[in-house]
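Data first, discussion second: the structure below is written as structure tokens.
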């Protein structure tokens, strides 16, 4: 359906609203994420950026009182259709969380293989684990202690382990919810490098409160405010020449 | 002025001393029980004490082998019923949010934990002994299982709730269904603590006597059939203790020592597990 | 309602539930529901076994009857209720000051290094099986009472009905003492928790005004802890009422009502323990089950009240903190 355009859109949200009980926290958002690009989502806290991200792999299904309206097309198919299995969807749309959350009861190896093992995927797990740890730029640091507890790793290493874990189920999209907010600057820099490398294979949506980070890692940036999408465009344009006053105020640090 | 200050200080010292004395008073029975069980029980311990059947009064030798096996057997039956139900109910309580049904179950479990064990014995009698028309190991096991379930459920609930929600989310985001997430990620993470709780509850029911008196009853011989009366250490201690024979009194002390060792080892094991678990989490 | 004609039904309103997840949800609810079924089963099976007696004797006559003679089908529960209440209340009167003194000393007065070992000792005390306490009481406590304590009390306080009669050893006093030992850990652990939550600021304020340590405790710690201590007392009482083996071994097994603490008596759990296995027929069994029902009712009531009090205390604390 997008054959005419150069870049096909991987994700297309239409008229997307999210409610928690009576409160509407996301208001009729329409947003396109091009394939194999990095889209940064910025905005002050409580603006709905995390809510938007979690709608993309239907994590709201599990929250009592949460209601999602509107459409999200993934490769042209509406994932909010009741016939779509959220469990299968989440395998295509992986997620990395704000704080590193490796499974403490599993070894480093088992953490990366967790998605495969729990989904009973057959095949050579060792190969997948090595590939994903290499992709996550962690292999050299952990290859000699794959059987150890992930809690023996530093925070930055744990977060890269979580990225490797997400990659192992071979998603097409990677959602990152402030993946570096709990890390020190050096670990943050490594994660950002990693995002650059991963974009060759994956479509990435990253939520961040750090505008420099958004500027460094993303191709496109979307600015959310009070549950609305205010502006979306090429990252450079958003940061140097925003069309909206509110975007300008935010990126120049006048509020938020 | 001065006099009143002196008096106030005197009151302070007096009451501090009194409170200190209470620590000693509280610990006195513990020391006395442990010391006397060891002193009176150790002499009777021997290999045959663990392996032989009881002998009639006046005959030398004999042991409580069948009671040791019987206790293990009945506790195993109790675990077969009690662990899945207790842990399962606990997981249910942790996973279901505070609906009316869940709150009712939680309150019921708390009240059940306070029901005297002898009452539970009568329940097992009504449920198992009456229909089967005989005392049995099964009835004893059911009674002990009923004692395990409420405490185990509450302990499991607390432990599962301690597992961070972020782990559950991480698993779900990998495309793992909820039930597998609960079993393989959440429950597995809480498993160390649950094993500790299980050990503690086994230690507790292994020392129970009252609910076994009219469920498992007693047996002078070996028994591993679930539908037959079965001897246990605790009931054997009771019977020996209230008998008029010196010889049996000595056996009661020795059996008490064995029981204390079993219970003590289980408790220490549980403590040790807690300690290593806390160290691992750091 | 909000959905437009061309949008499909919002997914999250009725998310498709994975088949395994639905089964898992059902299994878990069933396991949770089992707790309710067990509770219902307890009441039902007790009532079923007890029914013959209530039908014949009637509840009121059963509860107030002073004679217990199973062979002639005479069933009165009063001696057992009396014995249970007397021994349990006496046990509380003994255990509460000891537990309170001990936990106060550990929390407020004594050196910190003492806490860990004493906590361990109290845990050990709680883990000793009832029948072992009974053995100890029968062969250690009872002879000591008979030879030392009771003659002494009889000589000096014998004019009181409480301490009259021959020193038998076995009886209410022995049962109450062993119960006190057994409920001490329950009371101590709950009061210990309560004392930990006492507001430090008030205590320090009192100390700064020149109060002695005891005065600071009396003004700041005790008033705050009162509901918790009351709850702990009720929990301990609940345990004491249902405690069976140790009491059975030292109570003396006499279904009579006596004013003297030296006299032998009987309690609800003890008579069930002694007679149930060899009950003479359905009526006797039924009467014993009826006693269990009475016991069940009393403990249920006590435990619910204790929980409510402690919950309310906690809520009050949280309200204050917020």
Report task. Run residue B:188 past the list (1) within 14 Å of chain C (Cβ to nearest Cβ); (2) without any contact (Cβ under 8 Å) to a residue 24 or more places away in the chain; (3) assigned to a helix (DSSP H, G or I) and report the number of the one that doesn't hold. Result -> (1)
Requested in this report: Being facing another protein chain (nearest Cβ under 7 Å) and surrounded by 24 or more Cβ atoms within 10 Å (Cβ to Cβ) is the filter; apply it to the stretch B:209-236 and report the residue that is farthest from residue B:44 (Cα to Cα).
Outcome: B:214
Report task. Mind listing whichever residues of the stretch A:68-82 are at the interface with another protein chain (Cβ under 8 Å from one of its Cβ atoms), surrounded by 22 or more Cβ atoms within 10 Å (Cβ to Cβ) and not in a loop (DSSP other than H, G, I, E, B)? Result -> A:68, A:69, A:70
Requested in this report: Would you check if there is a residue in the stretch B:237-248 being crowded, with 24+ Cβ neighbours inside 10 Å, in contact with a helix residue (DSSP H, G or I) (Cβ under 7 Å, 6 or more places away or on another chain) and closer than 20 Å to residue B:129 by Cα?
Outcome: no
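So which of C:96, C:90 ends up being within 12 Å of another protein chain (Cβ to nearest Cβ), buried (at least 18 other Cβ atoms within 10 Å of the Cβ) and in contact (Cβ under 8 Å) with a residue 60 or more places away in the chain? Talk me through it step by step, then tell me what you get.
Working: C:90 fails: within 12 Å of another protein chain (Cβ to nearest Cβ).
Going through C:96, C:90 in turn, the sole match is C:96.
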Query raised in the report: When you go through (1) more than 24 Å from the chain's Cα centre (by Cα); (2) over 27 Å from residue C:98 (Cβ atoms); (3) surrounded by fewer than 16 Cβ atoms within 10 Å (Cβ to Cβ); (4) within 11 Å of another protein chain (Cβ to nearest Cβ) one by one for residue B:95, which number turns out not to apply?
Result: (3)
Query raised in the report: Which ranges mark the helices (runs of 4 or more DSSP H) fully within the stretch C:116-213 that have 1 or more residues being within 12 Å of chain B (Cβ to nearest Cβ), touching a residue at least 12 places away in the same chain (Cβ under 8 Å) and over 30 Å from residue B:11 (Cβ atoms)?
Result: C:130-136, C:172-196
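For the stretch B:191-206, which residues satisfy the criterion of being more than 9 Å from chain C (Cβ to nearest Cβ) and either surrounded by 20 or more Cβ atoms within 10 Å (Cβ to Cβ) or in contact (Cβ under 8 Å) with a residue 60 or more places away in the chain (or both)? Working first, answer last.
Our first condition is that a residue be more than 9 Å from chain C (Cβ to nearest Cβ); within the stretch B:191-206, this holds for B:191-199, B:201-202, B:205.
Those that are more than 9 Å from chain C (Cβ to nearest Cβ) and either surrounded by 20 or more Cβ atoms within 10 Å (Cβ to Cβ) or in contact (Cβ under 8 Å) with a residue 60 or more places away in the chain (or both): B:192, B:193, B:194, B:195, B:196, B:197, B:198, B:199, B:201, B:202, B:205.
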Requested in this report: Give just the number: which of (1) in contact with a helix residue (DSSP H, G or I) (Cβ under 6 Å, 6 or more places away or on another chain); (2) crowded, with 20+ Cβ neighbours inside 10 Å does residue B:51 not satisfy?
Outcome: (2)
Query - Options A:103, A:97, A:109; residue that is modelled with pLDDT of 90 or more and more than 22 Å from the chain's Cα centre (by Cα) - result: A:109
Requested in this report: Using the structure shown, decide if residue C:263 is surrounded by fewer than 24 Cβ atoms within 10 Å (Cβ to Cβ), at pLDDT below 95, closer than 30 Å to residue C:44 by Cα and more than 12 Å from chain B (Cβ to nearest Cβ).
Outcome: no
Query raised in the report: Is one or more of the residues making up the stretch B:143-165 surrounded by fewer than 23 Cβ atoms within 10 Å (Cβ to Cβ) and more than 27 Å from residue B:189 (Cα to Cα)?
Result: no
Report task. Name the residue, out of A:167, A:229, that is surrounded by 20 or more Cβ atoms within 10 Å (Cβ to Cβ), over 17 Å from residue A:112 (Cα atoms) and either more than 14 Å from every other protein chain (Cβ to nearest Cβ) or modelled with pLDDT of 90 or more (or both). Result -> A:229
Report summary line: Scanning the stretch A:134-150 residue by residue, the ones that are more than 15 Å from residue A:114 (Cβ to Cβ) and within 14 Å of chain B (Cβ to nearest Cβ) total 1
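Can you tell me which residue among B:93, B:111, B:72 is assigned by TED's automatic domain parsing to the domain that holds residue B:214 and modelled with pLDDT under 90? Outline the logic, then answer.
Details: B:93 fails: modelled with pLDDT under 90; B:72 fails: modelled with pLDDT under 90.
Of B:93, B:111, B:72, the one residue that is assigned by TED's automatic domain parsing to the domain that holds residue B:214 and modelled with pLDDT under 90 is B:111.
Quick grid of which residues meet (1) surrounded by 17 or more Cβ atoms within 10 Å (Cβ to Cβ); (2) modelled with pLDDT under 95; (3) farther than 26 Å from residue B:177 by Cα; (4) within 14 Å of chain C (Cβ to nearest Cβ):
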| site | (1), (2), (3), (4) |
| --- | --- |
| A:14 | no, yes, yes, yes |
| A:20 | no, yes, no, yes |
| A:39 | yes, no, yes, no |
| A:57 | yes, yes, no, yes |
| A:66 | yes, yes, no, yes |
Requested in this report: Check whether at least one residue in the stretch C:61-68 is surrounded by 15 or more Cβ atoms within 10 Å (Cβ to Cβ), in a helix (DSSP H, G or I) and over 27 Å from the mean Cα position of the chain (by Cα), and report yes or no.
Outcome: no
**Report entry** Out of B:139, B:109, B:124, sole residue that is assigned to a helix (DSSP H, G or I) and away from chain C (no Cβ under 11 Å)
**Finding:** B:139
Query - In the stretch A:85-94, residue farthest from the chain's Cα centre (by Cα) [restricted to those that are facing another protein chain (nearest Cβ under 7 Å) and surrounded by fewer than 20 Cβ atoms within 10 Å (Cβ to Cβ)] - result: A:85
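Name the one entry in A:206, A:191, A:238 that is out of contact with any strand residue (DSSP E or B) (no Cβ under 6 Å at 6 or more places or on another chain) and buried (at least 22 other Cβ atoms within 10 Å of the Cβ).
On the way: A:206 fails: out of contact with any strand residue (DSSP E or B) (no Cβ under 6 Å at 6 or more places or on another chain); A:238 fails: out of contact with any strand residue (DSSP E or B) (no Cβ under 6 Å at 6 or more places or on another chain).
On inspection, the qualifying residue turns out to be A:191.
Of the residues C:252, C:236, which is touching a residue at least 40 places away in the same chain (Cβ under 8 Å) and over 18 Å from the mean Cα position of the chain (by Cα)?
Values: C:236 fails: over 18 Å from the mean Cα position of the chain (by Cα).
Unique residue meeting the criteria: C:252.
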Requested in this report: Scan (1) facing chain B (nearest Cβ under 10 Å); (2) outside any loop (DSSP other than H, G, I, E, B); (3) touching a residue at least 40 places away in the same chain (Cβ under 8 Å) for the single condition residue C:272 breaks and write down its number.
Outcome: (3)
Report task. Return yes or no: is residue B:119 under 17 Å from the mean Cα position of the chain (by Cα), without any contact (Cβ under 8 Å) to a residue 12 or more places away in the chain, buried (at least 24 other Cβ atoms within 10 Å of the Cβ) and within 13 Å of chain C (Cβ to nearest Cβ)? Result -> yes
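The values are calculated or read from the model by the stated rules, or taken from the named source; none is laboratory data. The model shown is predicted, which means the values in this text are computed figures rather than measured ones. Positions of Cβ are generated from backbone atoms using ideal geometry, with glycine treated the same way; all protein chains shown enter the neighbour counts.
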